[in-house]
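What follows is a single structure, written as structure tokens, with notes after it.
The values are calculated or read from the model by the stated rules, or taken from the named source; none is laboratory data. Please read these numbers as outputs of a predicted model, since none were measured by experiment. Neighbour counts are summed over all protein chains in view; Cβ atoms, including those assigned to glycine, are modelled from backbone coordinates with ideal geometry.
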Amino acid sequence: MYPAVSRAANFGIFDTVRTPDLLAPLEYAGSYFNFEACFAGMSGRLNVLVVSENKPIRERLADTLPDAVGNSTTEVHVSTTDSVDTVYSELEQSRVDCLVVSTRFTDSTGQSLVPKLRDNGVPLVSFERTNPSDADIENLGHVVYDAARNTAGSLDHRELFEAVNVGLAVRDLDTLDLIDINQRYLEILGTDREAILETSPTDVTADVPGYTDERAAEEVKTARETGSNTFTWPMQSTSGETVWVRVSLTVAELSGQRRLLSTIEDVTEERKRERDLEAFKRAVDAVDAGVALTEDGNHVYVNETGANICGYSDAESMVGISWHDIHDEAEVDRIRELVLPALETSGQWQGEVTVRKPDGTGVPVRLSITSLDDDRRVVVFQDLTEQKERERELERSRDFLERTQRISKVGGWELDLLTESLEWTDQTKRIHDVPLDYEPSLDDAFGFYAADEQENVRKLVNRCRNEGLAWEDEFRLVTNEGAELWVRTRGEPVIRDGRVVALRGTIQDVTARRSRELELERTNEELEALNRIVRHDIRNDMAVVVGWAELLEEHVDDEGADILSRILSTGRHTIEITEVARDLIETMSGGTVETRPLPLVDTLERELAVRREAFPNATFEVEGAIPDVAVRANPLLASVFGNIFNNAVQHNDGSTTVTLSVTVDEDEELVTTRIADDGSGIPDSRKPVVFGKGEKGLESTGTGLGLYLVNQLVDSFGGTVHFEDNEPTGSVVVVELPLASAD
């Protein structure tokens, strides 16, 4: 409460009323502004409302009171009215610092309105005279000045209302109608007083999800129930932009009425910074690297990735932990000796350290530290566990490749066409007999080839680099130590963006293979010569001997017949040897055996007919019909079955029975031929070796090459051959050959 002021004027009675606080102390940003304590003198603007039924009096006071009341620091604004409604409206919606009211101003019943207007709490000065003198008006001015000066300091109070750097608004506590608003509030919303007077708080709310009328009502309800409430709210300016404000609501009594005071502060930039900071934090949390901030050696921030690398359940668990605690003692000493001096000198350090997890396991990390002010440091670190494992695997692969190159004598090379630089692997250098630190040039590489080979090698390289054509060929090469080698080189283009940028390839020492091929070639030539001798000389001569011997059968006695029989048997056996030798040589000298579909029934029937004639005492039987199928083989298939038939008769009693059966498995694409005899059979101990070269039974008069030839031929056809026991006696030769279409 403030002291009352009373003063008489010559033209009537002037008095003022005591007034309550116009504004309760206002809370803002944690401090209280007490408007009463802010002003000791009179300055600023003074709003005076003259109320009189007399128009001339109203006009005269409007003209003269500003000078009578104001001074160099006070601007006086006088408004007038003769309407009771206008008086109450002005008191409610506008700033009125003093009422000057005629005692003749009455209501509809003729009662003076002065007592009623005093109850509004605004300083009031009343007058009676209808024609005051200049002295009266001057006296009135002094009374008005004193009334304003000795009240709540409403003049300075209003000045503060406009001067504070926050938006201020006064609303009716019940209806939320806007009563007053300062200029800063209007500036924040980018509007004017007239445009906003008729609005409610939700009318200026921006269209942001979650900020609804219901939520606004709850915020106001909280302020009504507790006396105050602070929150952040989106408001929409007249330009359509969203303005984020921090709202502080306070319930206070103003001019005898309970009002809702609201202050708003524009926090749009602050909110943007907060959102940017939050986005940055989320981005830091999302990166595949640990990020930490230390202060005085302790962690004040760690992202989730960093906590995970260090073995902690979450980032919060690492806050407050010293960097010493995530390393063992030896690593702490190393960091002190190596890292800290670098940070003091340059403010930065990068390198590898080992982090110790809470469970004691070590984690290799690549560390990057940057010093900031106030003994703070930013630490970025990346888990190297997988990289170290890849490096170890790469080292193992390199070692394996190196050993493989040594064993296979295969080296690699690459020619960069942009720099014309040539790289050799270690094995390539070993092939050339040069040191492992040798740096080759392209001309050097050409120079290692035999003189008559160099031009051809150059052509292949140039064709690959110019036309992108790969090559693979063999050349003679002379090493740095003068040794002559055969090498197989392979080259192919590396194409990027449609052009050849490099050549890559291999080089292999094939000297041993070439030597074997030359030796094999000589052997084949010798075999071919032997084949010609066997086929044309020995076989022909022996055929003549047998022919003449057969002519003698009718001209010898019984004693001579026995000798002649022996001559014929030996001669025929010799002819058989030449046939087996011929077939064996053709098989051994032919390299890769070419096969084609051959009708199986034709071969078997032809061989059966020959053997029936050759061995009249033996019996040859066929179980069922021979399937009309073709197998993959060549004409030497006849030698396979011929030797098996011969073996079945010659290794048993001449009267043996040989049984042939053939089955077809179309699912397996296999034809199985079984040739059984009823002889003495083959012991189990000999079955694994019976197809060996030179193998023959104790009583055999053969060469031991027949079954060896059978095995070699069947294998070259892609088939198999083996012995089984026959029931009740004898052996079975099982030949399996791949099925083919009879073209």
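For region 223-243, the candidate set comprises residues that are of a type in the set (Ser, Thr, Tyr) and touching a residue at least 12 places away in the same chain (Cβ under 8 Å); within that set, the residue that is surrounded by the fewest Cβ atoms within 10 Å (Cβ to Cβ) is 239.
Would you check if residue 265 is acidic (Asp, Glu), within 30 Å of residue 183 (Cβ to Cβ) and surrounded by 14 or more Cβ atoms within 10 Å (Cβ to Cβ)? Here the answer is yes, as residue 265 does meet what is asked.
The set of residues from region 244-262 being of a type in the set (Val, Ile, Thr) and either exposed (fewer than 15 other Cβ atoms within 10 Å of the Cβ) or free of Cβ contacts under 8 Å to residues at least 60 places away in the same chain (or both) comprises just one member, 247. Looking only at residues in region 444-465 that are of a type in the set (D, E, K, R) and within 24 Å of residue 511 (Cβ to Cβ), the one that is farthest from the chain's Cα centre (by Cα) is 452. Among the listed residues 523, 595, identify the single one that is more than 17 Å from residue 637 (Cβ to Cβ), at pLDDT 70 or above and of a type in the set (Ser, Thr, Tyr). Exactly one of 523, 595 is more than 17 Å from residue 637 (Cβ to Cβ), at pLDDT 70 or above and of a type in the set (Ser, Thr, Tyr), namely 523. Restricting 117, 113, 91 to those that are farther than 27 Å from residue 181 by Cα and either at pLDDT 85 or above or not assigned by TED's automatic domain parsing to the domain that holds residue 254 (or both) reduces the list to 113. Note on region 100-110: residues that are of a type outside the set (Val, Ile, Thr) and either modelled with pLDDT under 85 or over 16 Å from residue 54 (Cβ atoms) (or both) total 3. Answer yes or no: is there a residue in region 646-653 that is at pLDDT 90 or above and either more than 23 Å from residue 617 (Cα to Cα) or not aromatic (Phe, Trp, Tyr) (or both). No, region 646-653 contains no residue that is at pLDDT 90 or above and either more than 23 Å from residue 617 (Cα to Cα) or not aromatic (Phe, Trp, Tyr) (or both). Can you give me the number of residues within region 607-641 that are surrounded by 15 or more Cβ atoms within 10 Å (Cβ to Cβ) and small (Gly, Ala, Ser)? Qualifying residue count for the region: 5. Beta carbons closer than 8 Å, at least 6 apart along the sequence or on distinct chains, pair a first residue in region 642-656 that is of a type in the set (S, T, N, Q) with a second that is in a helix (DSSP H, G or I) and modelled with pLDDT of 80 or more for 643/707; 643/709; 643/710; 646/611; 647/707; 656/648; 656/649. Checking each residue in region 466-500 for being loosely packed, with under 15 Cβ neighbours inside 10 Å and over 48 Å from the mean Cα position of the chain (by Cα) picks out 480, 481, 482, 483, 484. Take residue 463 and decide whether it is closer than 16 Å to residue 432 by Cβ and surrounded by 13 or more Cβ atoms within 10 Å (Cβ to Cβ). Here the answer is no, as residue 463 does not meet what is asked. If you go through region 646-680 and keep only what is in a loop (DSSP other than H, G, I, E, B) and either touching a His at 6+ places or on another chain (Cβ under 9 Å) or surrounded by 20 or more Cβ atoms within 10 Å (Cβ to Cβ) (or both), you end up with 651, 652, 656, 678, 679, 680.
Criterion applied to 643, 617, 634 was being at pLDDT below 90, under 60 Å from the mean Cα position of the chain (by Cα) and assigned by TED's automatic domain parsing to the domain that holds residue 675, and the one residue passing it is 634. Considering 371, 421, 397, the condition of being modelled with pLDDT under 90, surrounded by 13 or more Cβ atoms within 10 Å (Cβ to Cβ) and of a type outside the set (Asp, Glu) is satisfied by 371 alone. Consider region 209-238 and keep the residues that are modelled with pLDDT under 90 and within 43 Å of the chain's Cα centre (by Cα). The one that is farthest from residue 176 (Cα to Cα) is 236.
With respect to the conditions (1) touching a helix residue (DSSP H, G or I) at 6+ places or on another chain (Cβ under 8 Å); (2) at pLDDT 90 or above; (3) assigned to a strand (DSSP E or B), residue 414 falls short on a single one, namely (1).
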